[in-house]
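Input: a single structure, listed below in C-alpha cells.
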Amino acid sequence: MHCASIRCSTRQSIRTPRLWARRAKDYLIIDKHFGGTAHFSPVEGGIFLDLKRIYAGDSVHRPYQNLFHETAHMLDQLLGGAMPYSYQQMFGTSIRNEGRRLLEQEKASIRNQRVSRLDEIQSYFNKHGRWKKTDLVWMKDNGLLKDLYANSVEGYGPDANMRWHIEQLKNSIEISDDEAMRNIAKHIRAESKPTDRNVDDILQAALGDDYPRSVGHGDGYFSSFQHVCGEPWAEIMDAQLANPKAYELIEQYFPKSVTIFNTMVKEVLA
Ligand SMILES: [Zn+2]
C-alpha cells in the first residue's frame with residue numbers, strides 16, 4: 001500500500017522503539033566500566049561498554065546513542081537465533097548496490113562538471129582568441145595539462161594543439177573510485193557534525209576500506225557479509241532511536257536499504 005512518506009516515517013518512528021523495547025529485559029551488559037571499544041560479543045552473549053562515557057556522549061556519538069547501537073546488535077542476535085536477523089541477502093546486497101550507485105553518480109557528476117568547465121574554456125578562446133590565465137592554472141591544477149606536450153600535433157601552433165587537446169580531454173575524462181569516494185566523504189563532512197555520521201560506517205560497509213571515513217571499523221571487518229548486514233542494521237536503528245540528523249543522512253544516501261530495514265522491523269513485529 002502506498003502512503004505519504006511522512007505518515008510512513010511516523011509509523012516507523014513508533015515501530016522501531018516498540019521492537020527495541022520488546023526485548024529490553026534481555027539486553028545484558030557484561031561490563032559497564034569497559035575501557036576498550038564498546039561492543040556486543042555474540043560468543044559471551046552480552047555487551048561491553050562504559051556507561052558513563054555513553055551517557056555523556058563523545059566526539060563521534062551523541063549522548064546515549066551508543067547504548068542503542070550495541071543493544072541493536074544484541075537485539076539482532078536475539079531475533080535471529082543462530083545467525084543475526086539482519087543477515088539477509090537482500091539487505092546486504094542492497095547496501096552494496098546503493099553504495100555502488102552513489103559512487104557512479106558521483107563520478108558522473110564530477111565528469112560533467114569537468115566537461116562543462118572545459119566547454120567554458122573553449123568558448124572563451126573562440127570569443128577572445130586567447131586563453132585565460134586562470135583557466136590554464138585550473139587545467140594545470142587538475143592534472144589536465146600534463147599530456148599537452150606529449151600529445152601535441154606536429155606542424156600546428158600551440159593554440160591549435162591546445163584546442164585539439166581540450167577536445168580529446170572532454171572525451172576521455174576518467175574519474176577514479178578514490179576521487180569519487182573522497183568527494184562523497186567531503187559532502188558528508190560539509191553536511192554534518194562528527195557525532196552524526198553513522199552513514200560513514202555504512203559507506204565503508206558498501207564501498208570497502210578505501211572509503212575515507214571519519215567513523216567506521218578497522219580494515220578487513222567488512223570482508224564478512226554478515227557484518228555488511230549487521231552494522232547497517234545497528235547504525236540505522238541507533239540513528240532512528242537516538243539521532244535524527246544521522247538518520248536523515250542515512251535515508252538520503254541509502255533510501256532503498258532503509259525501506260528494507262523498515263520492512264524487516266515490521267515483519268518481525270507482526
Ligand atoms: Zn556496531
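The values are calculated or read from the model by the stated rules, or taken from the named source; none is laboratory data. Please read these numbers as outputs of a predicted model, since none were measured by experiment. Cβ placement follows ideal geometry from the backbone for every residue including glycine, while neighbour counts extend to all protein chains displayed.
Yes or no: segment 172-180 includes at least one residue that is acidic (Asp, Glu), within 16 Å of the ligand (Cβ to nearest atom) and at pLDDT 95 or above.
No, because not a single residue in segment 172-180 is acidic (Asp, Glu), within 16 Å of the ligand (Cβ to nearest atom) and at pLDDT 95 or above.
Only one of these is closer than 19 Å to Met264 by Cβ, surrounded by 15 or more Cβ atoms within 10 Å (Cβ to Cβ) and of a type in the set (A, V, I, L, M): Leu67, Leu49, Leu75. Name it. It would help to see each step written out before you state the result.
On the way: Leu67 fails: closer than 19 Å to Met264 by Cβ; Leu49 fails: closer than 19 Å to Met264 by Cβ.
Leu75 is the lone residue from the list that is closer than 19 Å to Met264 by Cβ, surrounded by 15 or more Cβ atoms within 10 Å (Cβ to Cβ) and of a type in the set (A, V, I, L, M).
Which one is nearest to the chain's Cα centre (by Cα) among residues in segment 203-226 that are polar (S, T, N, Q) and in a helix (DSSP H, G or I)?
Here is the first cut: in segment 203-226, the ones polar (S, T, N, Q) are 204, 214, 223-224, 226.
Restricting the remaining residues to those that are in a helix (DSSP H, G or I) gives 204, 223, 226.
On the way: Gln204: 7, Ser223: 17, Gln226: 18 Å.
Going through the qualifying residues, I end up with Gln204.
More than 10 Å from the ligand (Cβ to nearest atom) and surrounded by 24 or more Cβ atoms within 10 Å (Cβ to Cβ): is that true of Tyr247 in this structure?
Against the criterion (more than 10 Å from the ligand (Cβ to nearest atom) and surrounded by 24 or more Cβ atoms within 10 Å (Cβ to Cβ)), Tyr247 qualifies.
Count, please, the residues in segment 19-38 that happen to be within 16 Å of the ligand (Cβ to nearest atom) and surrounded by fewer than 12 Cβ atoms within 10 Å (Cβ to Cβ).
2
Ser41 passes all but one of (1) within 16 Å of the ligand (Cβ to nearest atom); (2) closer than 19 Å to Ala239 by Cβ; which number fails?
(2)
Can you confirm whether segment 77-85 contains a residue that is within 15 Å of the ligand (Cβ to nearest atom) and either closer than 22 Å to Gly208 by Cα or assigned to a loop (DSSP other than H, G, I, E, B) (or both)?
yes
Could you grab me the full set of residues in segment 206-244 that are among the small types (Gly, Ala, Ser), within 14 Å of the ligand (Cβ to nearest atom) and over 25 Å from Arg18 (Cα atoms)?
Those that are among the small types (Gly, Ala, Ser), within 14 Å of the ligand (Cβ to nearest atom) and over 25 Å from Arg18 (Cα atoms): Gly216, Gly218, Ser224.
Taking interchain pairs and intrachain pairs at least six residues apart, which have beta carbon atoms under 7 angstrom, with the first residue in segment 223-234 and in contact (Cβ under 8 Å) with a residue 40 or more places away in the chain and closer than 10 Å to Ala72 by Cα and the second in a helix (DSSP H, G or I) and within 9 Å of the ligand (Cβ to nearest atom)?
Hits for this filter: Gly230/His73; Trp233/Ala72; Ala234/His69; Ala234/Ala72; Ala234/His73.
Of the conditions (1) surrounded by fewer than 20 Cβ atoms within 10 Å (Cβ to Cβ); (2) of a type in the set (A, V, I, L, M, F, W, C); (3) within 16 Å of the ligand (Cβ to nearest atom), Val268 fails just one. Which one is it?
(3)
Within 16 Å of the ligand (Cβ to nearest atom), over 17 Å from the mean Cα position of the chain (by Cα) and surrounded by 15 or more Cβ atoms within 10 Å (Cβ to Cβ) - does that describe any residue in segment 86-97?
So far as segment 86-97 goes, yes, one or more of its residues are within 16 Å of the ligand (Cβ to nearest atom), over 17 Å from the mean Cα position of the chain (by Cα) and surrounded by 15 or more Cβ atoms within 10 Å (Cβ to Cβ).
So the check is Cβ under 6 Å with 6+ separation or different chains; which pairs have a first residue in segment 160-185 that's farther than 16 Å from Lys140 by Cα and a second one that's part of a helix (DSSP H, G or I) and of a type in the set (Lys, Arg)?
Hits for this filter: Ile175/Lys107; Ile175/Arg111; Ala180/Lys107.
Please identify the pairs in which a residue from segment 70-95 that is more than 14 Å from Ser224 (Cβ to Cβ) and without any contact (Cβ under 8 Å) to a residue 40 or more places away in the chain has its Cβ atom under 9 Å from the Cβ atom of a residue that is in a loop (DSSP other than H, G, I, E, B) and of a type outside the set (D, E, K, R), counting only partners at least 6 apart or on another chain.
Gln77/Pro42; Gln77/Gly45; Gln77/Met83; Gln77/Pro84; Gln77/Tyr85; Gly80/Ser86; Gly80/Tyr87
Quick test of your reading of the structure: Asp200 fulfils all but one of (1) within 14 Å of the ligand (Cβ to nearest atom); (2) under 11 Å from the mean Cα position of the chain (by Cα); (3) not in a helix (DSSP H, G or I). Name the failing condition by number.
(3)
Of everything in segment 227-265, what is over 19 Å from Ala38 (Cα atoms) and either out of contact with any helix residue (DSSP H, G or I) (no Cβ under 6 Å at 6 or more places or on another chain) or not in a helix (DSSP H, G or I) (or both)? Give them in sequence order.
Those that are over 19 Å from Ala38 (Cα atoms) and either out of contact with any helix residue (DSSP H, G or I) (no Cβ under 6 Å at 6 or more places or on another chain) or not in a helix (DSSP H, G or I) (or both): Pro244, Glu248, Gln252, Phe254, Pro255, Thr259, Thr263, Met264.
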